[in-house]
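See below for the structure under consideration.
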Amino acid sequence: MRAMVVEKPGTPFVLKELPVPEPGPGEAVAKVYTCGAGLTLQHVKAGRSAGKFPLIMGHEVTAIISAVGAGVSGLKEGDAVTIYFYLTCGTCPSCTSGRENLCDNFGGFVGRQVDGAYADYVKLPARNFLKLPDGLNYRQMPGEVGVVTDAIATPYKVIRRARIQPGDTVAIFGAGGGLGSNMILTAKWAGARVIAVDRGKDKLDLARQLGADEVVDVLHNDGLNADVPDQLRAVTDGRGPEVSIDFVSSKWTTETSLASIAKGGRHVVLGGGGDVFSAKTAEFLNRELELIGSRYCTREQVMGSLQLVADGEITPYVGEHFRLEDAEIAHERLEQGIVMGRAVLDINSFD
């Protein structure tokens, strides 16, 4: 099989011919048709996040089970599947209470600690494959279906974590990226008014195309725009948004958001590089602000997101397609921050 391998951090992908994996007990193998490419993976490739090298990345897939190992039940050859990103135990208190994203025996990530799906085939513990719901047109839109597990499931969870209600105003930092663009779609589905915050005309035009009600550019004269808090208050009658969602989570975006949100506002932190930021405790006290972390999502939330797409409630936005062999080009664009929406590798075609 073909596989795009990163030998060590900071090096380009290498196209290799490898044996098709065979499943062991409790495992399954699937043929991969599409796989999403996101900034989380680029952080690993660049050495900013941990991974086990040499490595095959990728986890946002549309795939078909090609073989199952001994002891596997509930999964058979020919099943259409996607992947649950986290390697969890399934037995700890967090897992059994439906919060497996906080697994006490967390084993890492598909495509970071074990080989993923930038390849013709992927082998994983059978429990990491999720069967696609009936009515999901994965053959006609395999790229869109594959990215649901992150690009829609993560925003779907944020809606719950931040308690977003119809009529809330939501500011999305990084609104033109792979997660931010789909957060716009999900927030509009939830009935929110959306302010897209990003850099440059192209990304802000995309945000408007996807339904953003207002846009704010973080750049001004080739530098960061110090007036962003004033601009966010100006388009909310001086109040500020009830919720801010930060897919950048830098020191600047966190501090800017906390200076912008309304009394009783909620700021949601996702991703980022672990920047240290400053905030006054008196601001949290006097304005009753909330700082909320959101760590991926549960299997139930992934399945709920897939069902939303199957029901026609949301269609994920995929902005750029690449061949498997062009993974390096996709990641160069991710590194530069110029990918519009979600990027997808088209790996195999349905007959």
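No lab work stands behind these numbers, since they all come straight from the coordinates. These numbers come from a predicted model, not from an experiment. A quick note on method: Cβ atoms are made from the backbone with ideal geometry, for glycine too, and the neighbour counts reach across all protein chains shown.
Just the residues that are surrounded by 20 or more Cβ atoms within 10 Å (Cβ to Cβ), touching a Ser or Thr at 6+ places or on another chain (Cβ under 9 Å) and not aliphatic (A, V, I, L, M), please, taken from the stretch 47-85. Correct list: His59, Glu60, Thr62, Thr82, Tyr84, Phe85.
From the list Glu255, Glu335, Glu242, the one residue that fits, being of a type in the set (Asp, Glu) and over 21 Å from Glu214 (Cα atoms), is Glu335. So which of Arg233, Arg163 is touching a residue at least 60 places away in the same chain (Cβ under 8 Å) and within 29 Å of Arg287 (Cα to Cα)? Residue meeting the stated conditions: Arg163. Taken as a whole, the condition of being within 27 Å of Lys157 (Cβ to Cβ), assigned to a strand (DSSP E or B) and within 23 Å of the chain's Cα centre (by Cα) applies to Ala196.
If we scan the stretch 216-236, do we find a residue that is assigned to a strand (DSSP E or B) and closer than 21 Å to Arg163 by Cα? No. Output the residue which, of all residues in the stretch 297-351 that are of a type in the set (D, E, K, R) and in a loop (DSSP other than H, G, I, E, B), is surrounded by the most Cβ atoms within 10 Å (Cβ to Cβ). Selected residue: Glu313.
Okay, residues lined up against (1) over 24 Å from the mean Cα position of the chain (by Cα); (2) closer than 12 Å to Leu130 by Cβ; (3) touching a residue at least 40 places away in the same chain (Cβ under 8 Å):
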position: Ile56; (1), (2), (3): no, no, yes
position: Ala63; (1), (2), (3): no, yes, yes
position: Ala67; (1), (2), (3): yes, no, yes
position: Glu77; (1), (2), (3): yes, no, no
position: Tyr84; (1), (2), (3): no, yes, yes
position: Thr91; (1), (2), (3): yes, no, no
position: Ser97; (1), (2), (3): no, no, no
position: Glu100; (1), (2), (3): no, no, yes
